[in-house]
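Trainee: After the structure tokens below, expect a handful of questions from me.
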Amino acid sequence: MGVLVNSLTKVGPGLQVPGIHSYLPHLTGHPEHLRPAAAIARGNQGVSIVIGVPTIKRAKASYLSQTLNSLITSLNEEEAKDCLIVVFIAEPWDKAFTDEVTKQIQSEFMDALSSGLLEVIVPPAGFYPDLNNLKETFGDPKERVKWRTKQNLDYAFLMLYARPKAMYYVQMEDDVVAKPGYLNIMKTFALQQKEEWIMLEFSALGFIGKMFKSSDIPTIVEFFLMFHADKPIDWLLDHYLWVKVCNPEQDVNGSGPPDLFWIVPKHCQRMIQSVRRRFKPSLFQHIGVESSLKGKVQKLKDRDFGKAGLYRAHVNPAVQLASSLKTYQKYALSKAYIGETFFWASNPSKGDIIDFKYDPPIHIEMYLFRSGNLDHPGDVFHNTTIEVLTPSTISESVKQSIISRAGLSRVEIENASEGFIPIGRFNDNGLAQGEVPEEIALVDTLRIHVHQQSDAWVILSEIMIQEGKR
């Protein structure tokens, strides 16, 4: 039998990978329809977070200026350098409107435009297919189907445009207000996630304050484009999460497949919650009444917005933790250190300690420990000092100088842990904060040391260790 050699002939082009032209074939041969038709942008990139704000023409009211003012003024100078806000004017067929909105933004937010904090883009009309011949589904009238389909495409264009500019993308709406400091809170919460996640939520409502990793955006957008004419965005997002993490062969009892694919069993709900994580309290509130869908009134309010947090998160250096205090339920010290919750323990006794050990030792510039919270304001540290153990030898005269500047009582000084140098204490409000003296180059262990029995329990609602460089 002969050997088959060079008998294969070329029968056509190689395999083609599906892409945006597969779902929007009218874009083939029109690369100009994949770029903004108009833009005011300095081209800033490399920031931590880019915020997308789509806006369209409303019949009676506009909330865009209020939204942008809140987002911008809620940033401090450092945060403004690590953020980009992209306004997406989704009315490519209405040049008069896009010009009007652009001029208004230039008039009110020129500083933000000049610094590169704010960009304004308008999509090309050619990006959108014919929206007048869509299949009516789910009993929705033609106008609603057209509105929700265009909205899906708006999100797709905006997300793809913003993706290369930052590590994280946050979807916003044009009728919200923000809490001061929202950017650092979002960034901190994202960096503290140890397990894989798909979406972080900073509001309970709609598509407000939803964070995605920029690296995930292409896959998410492709899913949206695949079904852009079939379902609204919130349903598509639910489906995407289901497809990513749920096992269809397990039902509520784990014994077999459900009769219907979209009956979400308990195990699936848990899996979705593991990759769709909610931050509380909400950082954004919905203020709009008139919906972007003509004639629809929407009075939704986020009940969590405005509630003071029971704890505050910080990005702290890697640590080994130890404590003689008895932890209450799930409120572990390790979770408090990374900002997932607060640390809660039963009555402290004389001699109880909390140790923060750093291996290798680090240079600490500042520390802050806040005890108690709004729900339990009395659960604070009393008669409690902050001590440090350093790996290097410090002369007795320098040590005495450090102690004298700490303003401690004779008893607190005498009861300091062996080998440790006391540098501060909790005040009457349950707060300990200060700088580590510059004579202490490196810290091996930072210790909270209790000197007296307490009748109350104790909460650590904030832990901040600011590492410096030497």
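The values are calculated or read from the model by the stated rules, or taken from the named source; none is laboratory data. No experiment lies behind these values; they were computed from the predicted model shown. Cβ: placed from backbone, ideal geometry, glycine included. Neighbour counts: every protein chain shown. Note: areas computed on protein heavy atoms with side chains; ligands, DNA, RNA excluded. Shrake-Rupley method; radii C 1.70, N 1.55, O 1.52, S 1.80 Å.
Trainee: Do you know which of the residues in segment 210-261 that are of a type in the set (F, W, Y) and at pLDDT 90 or above is nearest to Y182 (Cα to Cα)?
Mentor: Of everything passing the filter in segment 210-261, F212 is nearest to Y182 (Cα to Cα).
Trainee: Got at least one residue in segment 60-74 being assigned to a helix (DSSP H, G or I), open to solvent by 50 Å² or more (accessible area, probe 1.4 Å), out of contact with any Phe, Trp or Tyr (no Cβ under 9 Å at 6 or more places or on another chain) and farther than 25 Å from V221 by Cα?
Mentor: Checking segment 60-74: at least one residue is assigned to a helix (DSSP H, G or I), open to solvent by 50 Å² or more (accessible area, probe 1.4 Å), out of contact with any Phe, Trp or Tyr (no Cβ under 9 Å at 6 or more places or on another chain) and farther than 25 Å from V221 by Cα.
Trainee: Could I ask something else about it? Out of the residues in segment 428-467 meeting the condition of being farther than 22 Å from R405 by Cα and among the hydroxyl-bearing types (S, T, Y), tell me which one is surrounded by the fewest Cβ atoms within 10 Å (Cβ to Cβ).
Mentor: It comes out as S454.
Trainee: If you check every pair at least six apart or on different chains, which have Cβ atoms under 7 Å apart with a residue in segment 201-218 that is on the phi > 0 side of the Ramachandran plot first and a residue that is surrounded by fewer than 20 Cβ atoms within 10 Å (Cβ to Cβ) and among the hydroxyl-bearing types (S, T, Y) second?
Mentor: Going by the 7 Å Cβ cut-off, there are no qualifying pairs.
Trainee: Scan segment 382-401 for residues that are hydrophobic (A, V, I, L, M, F, W, C) and crowded, with 18+ Cβ neighbours inside 10 Å and jot them down.
Mentor: Residues satisfying the conditions are I386, V388, L389.
Trainee: Which of the residues that make up segment 148-186 are in contact with a Cys (Cβ under 9 Å, 6 or more places away or on another chain) and either at pLDDT 95 or above or surrounded by fewer than 22 Cβ atoms within 10 Å (Cβ to Cβ) (or both)?
Mentor: Within segment 148-186, A166 is the sole residue that qualifies.
Trainee: A follow-up question, please. Take the residues in segment 402-419 that are small (G, A, S) and open to solvent by less than 80 Å² (accessible area, probe 1.4 Å), then tell me which one is nearest to the chain's Cα centre (by Cα).
Mentor: A406
Trainee: Can you name the residue in segment 93-119 that is open to solvent by 80 Å² or more (accessible area, probe 1.4 Å) and within 33 Å of the chain's Cα centre (by Cα) and, of all such residues, is nearest to D230 (Cα to Cα)?
Mentor: Among them, the one singled out is E100.
Trainee: From the set of residues in segment 120-137 that are touching a Phe, Trp or Tyr at 6+ places or on another chain (Cβ under 9 Å) and assigned to a helix (DSSP H, G or I), which is least open to solvent (accessible area, probe 1.4 Å)?
Mentor: For segment 120-137, the residue satisfying everything is F127.
Trainee: Where residues in segment 367-376 are surrounded by fewer than 19 Cβ atoms within 10 Å (Cβ to Cβ) and either under 18 Å from Y331 (Cβ atoms) or acidic (D, E) (or both), which of them is farthest from the chain's Cα centre (by Cα)?
Mentor: Among residues in segment 367-376 that are surrounded by fewer than 19 Cβ atoms within 10 Å (Cβ to Cβ) and either under 18 Å from Y331 (Cβ atoms) or acidic (D, E) (or both), the one farthest from the chain's Cα centre (by Cα) is H376.
Trainee: Follow-up. Output the residues belonging to segment 197-225 that are out of contact with any Phe, Trp or Tyr (no Cβ under 6 Å at 6 or more places or on another chain), open to solvent by 10 Å² or more (accessible area, probe 1.4 Å) and part of a helix (DSSP H, G or I).
Mentor: Passing the criteria: S215, D216, P218, T219, E222.
Trainee: Taking segment 406-432 on its own, how many of its residues are charged (D, E, K, R) and in contact with a Pro (Cβ under 7 Å, 6 or more places away or on another chain)?
Mentor: Result for segment 406-432: 1.
Trainee: Can you tell me which residue within segment 324-366, out of those that are touching a helix residue (DSSP H, G or I) at 6+ places or on another chain (Cβ under 9 Å) and part of a loop (DSSP other than H, G, I, E, B), is most open to solvent (accessible area, probe 1.4 Å)?
Mentor: Within segment 324-366, the match that is most open to solvent (accessible area, probe 1.4 Å) is E340.
Trainee: Look through D359, D352 and report the one residue that is of a type outside the set (A, V, I, L, M) and at pLDDT 95 or above.
Mentor: Checking each option against the conditions leaves just D352.
Trainee: Continuing with this model, one more query. So A90 fits all but one of (1) farther than 11 Å from D174 by Cα; (2) open to solvent by 10 Å² or more (accessible area, probe 1.4 Å); what number is the exception?
Mentor: (2)
Trainee: Right, another one. Looking only at segment 42-59, count every residue that is open to solvent by less than 80 Å² (accessible area, probe 1.4 Å), under 18 Å from I121 (Cβ atoms), at pLDDT below 95 and not polar (S, T, N, Q) and tell me the total.
Mentor: So the answer is 2.
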